[in-house]
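Student: Sending over a structure as structure tokens; questions will come in a sec.
Every number here is computed from the coordinates shown, using simple stated rules; none is lab data. As the structure is a prediction and not an experimental result, all values here were calculated from the model. Heads up, the Cβs are rebuilt from the backbone with ideal geometry, glycines too, and the neighbour counts pull from every protein chain shown.
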Amino acid sequence: MSDLIHGGDLISASVRYDIPIENWIDLSTGINPCAYPLPSLNVNSFQRLPYQKPAFDEAVIRYYGHKSFLACSGSQQVIECLPRFLPALTVLLPEIGYQEHRHSWNKHGYECCFYSADSRANAVNIIEKRLSEGKPFHLVVINPNNPSGLCFTAKQLLAWAERMPKGGHIIIDEAFIDLSPEQSVLSYYDTFLQLDNLLVLRSFGKFFGLAGVRLGFLFGAPDLIKKIASHLGPWAVNGPAQDVAMVALGDQGWHVEAREKVQQNSKATLALFTPLIERLTFNKQAIRMSTSSTESVFGLFSSWWIETSVALTMYEFFAQRGVLLRVITERSSSAEFAGYSLVRSGIIDKDNSVVVDKLQQVIDEYILTLN
Ligand SMILES: Cc1ncc(COP(=O)(O)O)c(C=O)c1O
């Protein structure tokens, strides 16, 4: 599976399948297809060095509710350097989940071990067991998990943070939490402030649909934030990104509408895929679906466990027709999923009839190939 194209890499996809970039339906990421409309930008933002503007800081504090943060060029930037600021301990990570976490801890020489991210019961068992052993370790949680959809309540995560043996940190990647912000650990203001072992990553690009501006945040204890900020240097976030974020983060009317619209688009995308998934399920070639957000909220992507050979054929069939899906190469250790891979799809804009019709057509054609 090594030559699958990475999420959102339409440049490689267009070369490999000889389809112009603008003709693709990109379902390989969880980026909101209905992006925040860009405000007109002041030319100074392009011409001056991007020192962090007080108005940008205020907008961030108002949206996320916390003062102790650092802004970065996408949360990926912090994921890459975070391990170098934490004690050298074993790290417990989700087996399936945004793999840049695993790469980064490995790169920094940490010993990594894993909990299963396809069943809450399994994950809780393993995490609880580690906590009860009393030996310090770091814990990484992607909440909700991309791509498995597994999520924990904020209360559960805060309780774990309180019980972490001294020296261990809990890193919560909330890249997809904006759809249900009340589920963020940041919304538990007082508890969060008391915990100096809790680090929270947030991503601007997903919910606001503006992944290209490269903006993300780390929230945590002031001393650690200061050290990492000093490592990133003075201009981690470019001027136009700050200007766009100032407006977007403050636009509460858009936040409400966008959440509703993501729900509708998510349901519409699922409705298109349902006949195909039902057919695969009937053939015993698909077994379970998960969505990217917290209980009963439909999110920015959905994933299905599909027999690996079928998953790869389906990926190829869709790509040859200009629809880019994502097949997750990491395997689950759960016996239930042996021989299956996760196929993930982002969402479409249900009001874009060209996209809806094309996706419908590709799905129908694919169903015809199934016996
Ligand atoms: C779970 C998760 N965390 C973090 C990131 C990094 O996002 P960004 O660097 O755009 O904030 C991604 C990107 O896909 C992701 O899926």
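Student: Computed on alpha carbon atoms, what radius of gyration and Dmax characterise segment 223-371, expressed in Å?
Tutor: Both quantities, over Cα of segment 223-371: 19.5, 60 Å.
Student: Collect residues whose amide H, placed 1.01 Å from N in the peptide plane, falls under 5 Å from the amide H of ARG288; neighbours closer than 5 in sequence don't count.
Tutor: TRP305
Student: Summing +1 for each Lys or Arg and -1 for each Asp or Glu, what net charge is found among the other residues whose Cβ lies under 15 Å from the Cβ of ARG102?
Tutor: -4
Student: What lysines could a cross-link reach from LYS67, if we take a straight Cα to Cα line under 17 Å and drop same-chain neighbours fewer than 8 places away?
Tutor: Here the lysines satisfying the reach criterion relative to LYS67 are LYS53, LYS226, LYS227.
Student: A further question follows. List the residues whose amide H sits under 5 Å from the amide H of LEU139, counting only those 5 or more places along or on another chain, with H placed 1.01 Å from N in the peptide plane.
Tutor: Residues meeting the amide H criterion: LEU92, HIS169, ILE170, ILE171.
Student: Place a +1 charge on the Cβ of each Lys and Arg in the chain and a -1 charge on the Cβ of each Asp and Glu, then give the dipole magnitude about the Cα centre in debye, rounded to the nearest 20. Walk me through the intermediate numbers first.
Tutor: Details: 32 positive and 37 negative charges, 145 e Å.
Roughly 700 debye, rounded to the nearest 20.
Student: Another question about this same structure. Mind ordering 341-354, 55-68 by average Cβ neighbours within 10 Å, highest first?
Tutor: Result, highest mean Cβ count within 10 Å first: 341-354, 55-68.
Student: Report, in deg cm²/dmol and to the nearest 500, the calculated mean residue ellipticity at 222 nm for the chain, where each DSSP H run with n ≥ 4 adds -39500 (n - 2.57) and the sum is divided by the residue count.
Tutor: Result for the chain: -12500 deg cm²/dmol, rounded to the nearest 500.
Student: Still on this structure: I need the peptides 131-138, 319-326, 169-176 ranked by packing, meaning the mean over residues of other C-beta atoms within 10 angstrom, with the highest value on top. Spell out each step's value before the answer.
Tutor: Details: 131-138: 15.0, 319-326: 20.8, 169-176: 25.2.
Sorting 131-138, 319-326, 169-176 by mean packing, highest first, produces 169-176, 319-326, 131-138.
Student: Moving on to the next point. What distance in nm separates the two pseudo spin-label positions at LYS267 and LYS53, each 7 Å out from Cα along the beta-carbon direction?
Tutor: 3.8 nm
Student: With 10 angstrom as the radius, rank LEU210, LEU41 by how many other C-beta atoms surround their C-beta, starting from the fewest.
Tutor: Ascending Cβ contact count within 10 Å gives the list LEU41, LEU210.
Student: Report relative contact order for the chain in percent, whole number only (criteria: Cα-Cα under 8 Å, sequence separation at least 6).
Tutor: Dividing the mean separation by the residue count of the chain yields 24 percent.
Student: Continuing with the same structure: Of TRP254, LEU224, ILE61, whose Cα points farthest to the positive end of the dipole of the chain (charges on the beta-carbon: +1 Lys, Arg; -1 Asp, Glu; origin at the Cα centre)?
Tutor: LEU224
Student: Taking a label point 7 Å from the Cα of VAL124 along the Cα→Cβ vector, which residues of segment 141-181 have an amide N closer than 16 Å to it?
Tutor: 150-161
Student: Given Cβ point charges of +1 (Lys, Arg) and -1 (Asp, Glu) and nothing else, what value in debye, to the nearest 20, does the dipole of segment 184-272 about its Cα centre take?
Tutor: Details: 8 positive and 7 negative charges, 61 e Å.
Roughly 300 debye, rounded to the nearest 20.
Student: Using just the C-alpha positions of segment 22-124 as equal point scatterers, what log10 of I(q)/I(0) does the Debye formula give at each q in 0.13, 0.20, 0.24 1/Å?
Tutor: Values, matching the q order: -0.83, -1.18, -1.25.
Student: Return the distance in nm (one decimal) between the two label points of a simple spin-label model at TRP254 and CYS81, each offset 7 Å from Cα along Cα→Cβ.
Tutor: Computed distance between label sites TRP254 and CYS81 equals 2.8 nm.
Student: Stretched out fully, how many nm does the piece from ARG279 to TRP235 gain, at 0.36 nm a residue minus the Cα gap?
Tutor: Working: separation 44, 0.36 × 44 = 15.84 nm, distance 5.14 nm.
Taking 0.36 nm per residue and subtracting the Cα distance, the gain is 10.7 nm.
Student: What are the extents of the Cα atoms of segment 44-250 along their three principal axes, in Å, largest first?
Tutor: Over segment 44-250, Cα extents along the principal axes are 54, 32, 30 Å.
Student: Kirkwood Rh, Cα Rg: Rg to Rh for segment 234-278?
Tutor: Details: Rg = 17.0 Å, Rh = 13.2 Å.
Radius of gyration relative to Kirkwood radius: 1.29.
Student: Provide GLU182, GLU80, GLU95, GLU257 in ascending order of the number of other Cβ atoms located within 10 Å of each residue's Cβ, fewest first.
Tutor: Exposure proxy ranking, most exposed first: GLU182, GLU257, GLU80, GLU95.
Student: Mind listing P(r) for the chain? All alpha-carbon pairs, 20 Å bins, whole percents.
Tutor: 29, 58, 14, 0
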